[in-house]
Amino acid sequence: MKIFFENYADEIFVETDFPLEGSLEQAVDIFHNLPDYDGSFIGFVNKDGNTVQISKYDRFLFLVEIPVDDQNASYYKLFNYYQARNLIDHLFNGFDPYNIPDLKFEPYIKQKATK
């Protein structure tokens, strides 16, 4: 499994475009060390080339996204800590992220928030 991440608080990252091979233990360590408040994230690229990104959504939830770049959109679902941690285990065991129940599909926002 390839891993990418960005930890803004500690200013460490592995670029999304250049993920590195990593172990489950490394992924769990990165996940546990992500700050709660600044948009930091961890992502995975499986053997089929599917990408899954997990970021802190609020105090209790994580946003799990599967980007669909050619459609400028993503599948997403909110997970609690235990669900997100369990997903990481399953991804390393070959779980297809498209089999996450109740995924929602949404286009990326294209309008600027300000003029």
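The values are calculated or read from the model by the stated rules, or taken from the named source; none is laboratory data. Not measured: the values here are computed from a predicted model. Virtual Cβ from ideal backbone geometry, glycine too; neighbours counted across all protein chains shown. The protein model used for the area step is the full one, side chains on, heavy atoms only, and it has no ligands, DNA or RNA in it. Shrake-Rupley method; radii C 1.70, N 1.55, O 1.52, S 1.80 Å.
Some observations on this one:
- Number of residues in segment 19-36 that are within 18 Å of ARG85 (Cα to Cα) and open to solvent by 30 Å² or more (accessible area, probe 1.4 Å): the value is 9.
- Close contacts from segment 22-46, counting a first residue that is within 11 Å of ILE88 (Cβ to Cβ) and free of Cβ contacts under 8 Å to residues at least 12 places away in the same chain and a second that is part of a loop (DSSP other than H, G, I, E, B) and not aliphatic (A, V, I, L, M), with Cβ to Cβ under 7 Å and a gap of 6+ residues or different chains, come to none at all.
- Residues located in segment 67-108, provided they are among the aromatic types (Phe, Trp, Tyr), surrounded by 11 or more Cβ atoms within 10 Å (Cβ to Cβ) and either free of Cβ contacts under 8 Å to residues at least 12 places away in the same chain or assigned to a strand (DSSP E or B) (or both): TYR75, TYR76, PHE79, PHE95, PHE105
- Output for segment 22-61, where each listed residue is touching a helix residue (DSSP H, G or I) at 6+ places or on another chain (Cβ under 9 Å), in a strand (DSSP E or B) and modelled with pLDDT under 95: LEU61
- For segment 37-48, taking the residues that are touching an Asp or Glu at 6+ places or on another chain (Cβ under 9 Å) and hydrophobic (A, V, I, L, M, F, W, C), the one that is surrounded by the most Cβ atoms within 10 Å (Cβ to Cβ) is identified as ILE42.
- Among the residues listed as THR51, THR16, the single one being among the β-branched types (Val, Ile, Thr) and open to solvent by 60 Å² or more (accessible area, probe 1.4 Å): THR16
- Filtered residues of segment 63-109 (kept if in contact with a Ser or Thr (Cβ under 7 Å, 6 or more places away or on another chain) and closer than 21 Å to PRO19 by Cα): LEU63, GLU65, ILE66, PRO67, VAL68
- In segment 1-12, the count of residues that are aliphatic (A, V, I, L, M), open to solvent by 40 Å² or more (accessible area, probe 1.4 Å) and in a strand (DSSP E or B) is one or more.
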